[in-house]
Amino acid sequence: MENGEVGEVGNEEYGSGSGRRYRPVSAHDRPVVELTSLPPGSSTANKSEDSIKRIKIPEVSEGTNGRDQGPSSPTREIFDRAGRESKLDLFGFDSLVDILGLRSMAGQQAPARTSPMEGENVSITLGRPKEKDVKLGTLMGVFVPCLQNILGIIFYIRFTWIIGIAGIGGSLILVSLCCLCTFLTGISLSAIATNGAMKGGGPYYLIGRALGPEVGVSIGLCFFLGNAIAGALYILGAVETFLDAVPSAGIFKESATSLNATSITGAPTGAPVATILSPSLHDLQLYGVVVTILLCFVVFGGVKIINKVAPAFLVPVLLSLFCIFIGIFASPGHHDKSKITGLRWHTFKNNWNAEYQRTNRAGIPAPDGIIYWNFEALLGLFFPAVTGIMAGSNRSASLRDTQRSIPVGTLSATATTTAMYLISVLLFGAVATREGLLTDRLLTATLAWPVPAVIYIGIILSTLGAALQSLTGAPRLLAAIANDDILPVLKYFKAADSIEPHFATFFTAFICIFCVVLGNIDLITPVITMFFLLCYAGVNLSCFLLDLLDAPSWRPRWKFHHWSLSLIGAMLCIVIMFLISWSFTIVSLALASLLYYYVSIKGKAGDWGDGFKSAYFQLALRSLRSLGANQVHPKNWYPIPLIFCRPWGKLPENVPCHPKLADFANCMKKKGRGMSIFVSILDGDYNEKAEEAIIARRQLDAYIEYKNCEGVAEIIVAANMQEGFRGIVQTMGLGNLKPNIVVMRYPEIWRQENLKEITGTFVSIINDCIVANKAVVIVKGLDEWPGEFQKQYGTIDLYWIVRDGGLMLLLSQLLLTKESFESCKIQLYCIAEEDTEAEELKADVKKFIYELRMQAEVIVITMKSWEAHKEDQGLETEREDAMESFSKARKRIALQAEDMKRKMKDEGVSEPVNEQQVNKFLYTSLKLNATILRYSRMAAVVLVSLPPPPPNHPPYFYMEYMDLLVEDIPRLLMVRGYRKDVVTLFT
């Protein structure tokens, strides 16, 4: 609609196809309209009138019809169709439409988001158009920064010297090996970087999201140290170049090295002795500290100033490279022919082989030098010359098309510098003699056309620019690690995206100054090499893991990658580390391991998914498939208890489970190995209690973690507890990882009038476990169950009445493995009838226990059967309190039976319970209780076989039987096994 038409919305209907009309909310807020339903009686009047939505419509310029904007837009065509709006609204698509920036239901422009989505850096402006940042393309955003960071001080002041030591052949291998490592890393980086939006932190962000926060933080901190130390490398290179170009600027005396040319050129004995001057160490230290402080002032100015200054450093680099290659072809017209011969085959041939030798600290060849340079040492010196491939990924927020620019720009820069290095090896090796390569530390300046000053300026500006990038990137990397709040000790380095990380910059400057004080480039570069190689190995391993697992979320736009290439890249990084220095490698890996251990102990869990989680998932699936669905062999049987958390009675507020249930669950697992499933049931409708169930599960998870119990929490919403448990016992678990033991508390409060449903629920749960072939463990006296460090003495008494697959025996052995029960002894009571051969039974049981590798004292107890008791006609031998309990139970059951008979008579059902059977169960429970109290009154814990609920007996009767059984026993476990053996005689 036009601007002039907004005020008339209340009198005119729009979007008639959708069945809606619009009216203005207020006169001063013209772009805001209120969406209401049509009056009753219309086709869409069924909508609730109180569901009002407001849609912001952007203002359009005068004379422009908002409906005519973008007529060819496919989105416009979709939303202009009749009835489309109401259908989308019905399915709740309004928010999706707004997020995607599509046109609104009324055919108008969708409102701009008032908050940025994750990964976006969006500035919100009110009352004026949003200012858009100028985005960079592949050339200036990735290719040029990578090129600027790769071409550094090593190429200018050490590359020709490396060729003199390693020869042309060795240098070609050296360059190829290093560049292959970075090229493979670039492929892995391209794959990970194109698998989604990137935030700050560069490689830390990539590695952390792929391998987890522990690995990400440990390698990220190492990479931070590498960048901070690299700043010192660049600063020392700039200062050394400056002092070589202007010797008079030195405050301290230069060091002189006398060199016999025979050791280099193979000249006859008596050849003239050359004297080489090197800058003083104190000058390097002094000027280096001053330059570091000056660069830090620039860094404190902010990233905007750095971005404006950085391009100015690139022009001298390109100009200096151009002058060097022009000078190579223009030599040797104005050079010393003993050092620079021009492009000659003879020179090329003489420089082909390596001449590894000793040098002093300044790199001057000396027979008694303290440093011996071989291929491995040169590898560590040269590798920093190929680093810098992360420069483009670090600028992902400034790129116009991240998914295209990072892989193309990074790999192009790597290929370009690789070709330049290989060509430079051939040209430098053919233009200068061995003496020139080794003695002229600035041979690139000597060769430059028209004057060496061009190279001096280029070296100084390029190295200072690289140092500026290091001093800028390292603090932001540290701030990114701190902002994730994984490691609390790094909280001081936190900084918002719009705030400069000043404290992190101070810390980076301190590390840089410390390394500058060392004053030796050749000692610093191996340290940098280790940290960079460690980071590159992490990137390759990240891509290897993600590519190998191939999770559904792994969809990188860069398709030219394979897990084998990433694996080769990671292995190549590790091999190069050990080739350079096994001692430095051990130290760097130990440092990363210590950081990993520290983060895993002190760090917080990251809220992002990582590759290890996918690996665990795949491993779990493979393990689950290998287990199959067949019966588990007793040798491989583990208890998987299903802990029924819902108490018989109320717990304190915010206590989701009985405090002693987790302690008991841990007692059922040897050395804590195994899984427990904590389950609670909420009564009600799932649609109404879904949110409540989520909150309850979080509370239960926190309880499990607090109790140090390996387990998972599940909350089920059901109409009642019986239906909920019946669903749990059928569906919980996968394959052979289903729970095999149901653990619950004995309902000692079942007699209370307001808890009459407990009896039916309790008996129903036991019957369901029997039908589902689940073992049952019922704990009586849970409040008195000992904690982890409460030492128990005495005996663990087992009353083994029926065959249960050995579960009761196994539970007693598991109890002995716990610190609280380790001082106890096991006594096994076998209950037999009076006419049983007691000694024969005892011998058989002792043999069986011995073959099971268990230690227990076997005691056989004879007991009258119910039939024998009826002949005796009495319980005169029992104690008075037992007789009283027996009589009360019989009276209560008789009253309950009379009520049942009346109900059955009214309903026309005649299936009364056999009174003789009731008396038999009461008698058996009473006799067993009396036996336990007689022999096990001082036992630490008693285990007894759990009798199944008799068929056709009401739940109330069964609870009476159970009450007689557990009366006056303070701590009792009632155990019922299932139709599977859990112990075996065989090895």
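Observations on the structure shown:
- Among TRP800, TRP563, TRP161, TRP582, the sequence by solvent-accessible area, most first, with a 1.4 Å probe is TRP582, TRP563, TRP800, TRP161.
- Ordering 806-818, 239-251 by mean Cβ neighbour count within 10 Å, with the highest value first, yields 806-818, 239-251.
- Linear extension gain, ILE586 paired with VAL712, 0.36 nm per residue minus alpha-carbon span: 41.5 nm
- The stretch 517-574, relative contact order in percent, only Cα pairs under 8 angstrom and at least six apart counted: 46 percent
- Placing dummy labels 7 Å off each Cα toward the beta-carbon, the span from ARG344 to VAL309 is 4.5 nm.
- Accessible area in square angstrom per residue, the stretch 446-523, 1.4 angstrom probe: 41 Å²
- Contact order normalised by residue count of the stretch 384-495, Cα under 8 Å, 6+ apart, percent: 11 percent
- Rolling a 1.4 Å probe over the protein heavy atoms leaves ILE715 with an accessible area of roughly 30 Å².
- Against the criterion of solvent-accessible heavy-atom surface with a 1.4 angstrom probe, TYR793, TYR703, TYR935, TYR850 sort, most first, into TYR850, TYR793, TYR935, TYR703.
- FRET efficiency, 1/(1 + (r/R0)^6) with R0 51 Å, evaluated for ARG555 and LYS846 via beta carbons: 0.20
- Using the Cβ-Cβ distance between THR416 and SER626 with R0 = 45 Å, the FRET efficiency computed as 1/(1 + (r/R0)^6) comes to roughly 0.35.
- Inter-probe distance in nm under a simple model that places probes 7 Å from Cα toward Cβ, at ILE293 and GLU376: 4.1 nm
- Radius 13 Å from Cβ of GLU692, net charge of other residues (Lys, Arg +1; Asp, Glu -1): -1
- Whole-angstrom gap from the stretch 652-730 to the stretch 451-508, using each part's C-alpha centre: 49 Å
- The slack between GLU757 and GLU705, meaning 0.36 nm per residue of separation minus the straight C-alpha distance, is 15.5 nm.
- Ordering of 962-969, 684-691, 706-713 by packing [mean C-beta count within 10 Å, highest first]: 962-969, 706-713, 684-691
- Entries of LYS774/LYS920; LYS635/LYS738; LYS650/LYS707; LYS669/LYS774 with Cα pairs more than 22 Å apart: LYS774/LYS920
- Counting protein heavy atoms only, the stretch 425-519 has 73 percent of its accessible area on carbon and sulfur, 1.4 angstrom probe.
- Whole-percent carbon and sulfur share, accessible surface of the stretch 689-798, 1.4 Å: 50 percent
- For the stretch 776-782, backbone phi angles converted through the Karplus equation (6.51, -1.76, 1.60; θ = phi - 60°) give residue-by-residue couplings of 10, 10, 10, 9, 10, x, 5 Hz, Gly and Pro being listed as x.
- Take the stretch 623-759 with all the other protein chains still there, run a 1.4 Å probe, and you get 56 Å² of accessible area per residue.
- Net length gained if the chain between LEU895 and ARG937 were fully extended (0.36 nm per residue, minus Cα distance): 11.9 nm
- When the residues HIS346, HIS633 are ordered by accessible surface, computed with a 1.4 Å probe over the protein chains alone, the sequence from largest down reads HIS346, HIS633.
The values are calculated or read from the model by the stated rules, or taken from the named source; none is laboratory data. Here the structure is a predicted model, which means the values were calculated and not measured. Note: ideal-geometry Cβ built from the backbone for every residue, glycine included; neighbour counts use all protein chains shown. For accessibility, only protein heavy atoms count, side chains too; no ligands or nucleic acids. Shrake-Rupley method; radii C 1.70, N 1.55, O 1.52, S 1.80 Å.
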